[in-house]
Amino acid sequence: TLTLTLTLTLTDGQAIEPAFYMPILPMVLVNGAEGIGTGWSSSVPNYNPRDIVDNLKRLMADEPLETMAPWYRGFAGVVQPDHKTGGYTTYGTLSKLGGADVHISELPVRKWTQDYKDAVLEPMLAAGDGKAGAEKVEHSLTDVREHHTDTTVSFSCRFQGGEKALSEIGRASCRERV
């Protein structure tokens, strides 16, 4: 049997992290990364561990690598390549329920439920109510109901203007670049 011991770094007498750690999979590809450091910014999306393993096998066999698309466990929306930027755009899921009703069951990657409500839905509600600071619009949101769980998103929305309003709103309010 092979026993490996990691040498841990100590900070204030507490073991913090290994001094050297070589994972089998490049974890930056599994978990993704985003940030700015000393004038450089980086944005690495998450990738499917199975795709990473397949490409590592190709690399070891000296075969050409295949392009991987971003992947997010449990994400039910759409990930589409953006050919202009070389990046990807994620779209949430929006379904028409009939008449003027819409159900939003998935938000784009990196969009939080409350942030989405505050930035997208609340201004549309304010426009429909004619509240101060909001411009009255013809196709406005008249009602929003939330039925979320700890793992799912569920907004039920009703629009003034029916089908015409829904065709104009489309998926524009449900996207994010990654």
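The values are calculated or read from the model by the stated rules, or taken from the named source; none is laboratory data. All of these numbers come straight from a predicted model, not from anything done at the bench. Because the Cβ atoms are built from the backbone with ideal geometry, glycine has one as well, and the counts that use them run over all protein chains shown. Ligands, DNA and RNA are stripped out before the accessible areas are found, and what is left, the full protein with its side chains, is counted by its heavy atoms. Shrake-Rupley method; radii C 1.70, N 1.55, O 1.52, S 1.80 Å.
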**OP:** Normalising by the residue count of the stretch 1-77, find the relative contact order in percent from Cα pairs under 8 Å and 6+ residues apart.
**Re:** 19
Subject >> Net charge dipole size for the stretch 1-75 [Lys, Arg +1 and Asp, Glu -1 on Cβ; Debye, nearest 20] >> reply: 140
Subject >> Net length gained if the chain between A119 and Q160 were fully extended (0.36 nm per residue, minus Cα distance) >> reply: 12.8 nm
Original post:
Non-local amide H neighbours of G32 (under 5 Å, H modeled in plane, Pro and chain starts lacking H): which ones?
Top reply: Y47
Original post:
For the stretch 40-108, which whole percent of the accessible surface, found with a 1.4 angstrom probe, sits on carbon and sulfur atoms?
Top reply: 52
**OP:** Provide the per residue accessible area, probe 1.4 Å, for the stretch 1-97, rounded to a whole number of square angstrom.
**Re:** 80
**OP:** List every residue whose amide H lies under 5 Å from the amide H of Y88, counting only residues 5 or more places away in sequence or on a different chain, with H placed 1.01 Å from N in the peptide plane.
**Re:** D82, V178
Subject >> Listed residue (N31, V53, V102) projecting farthest to the positive dipole end of the stretch 1-102, Cβ model >> reply: V102
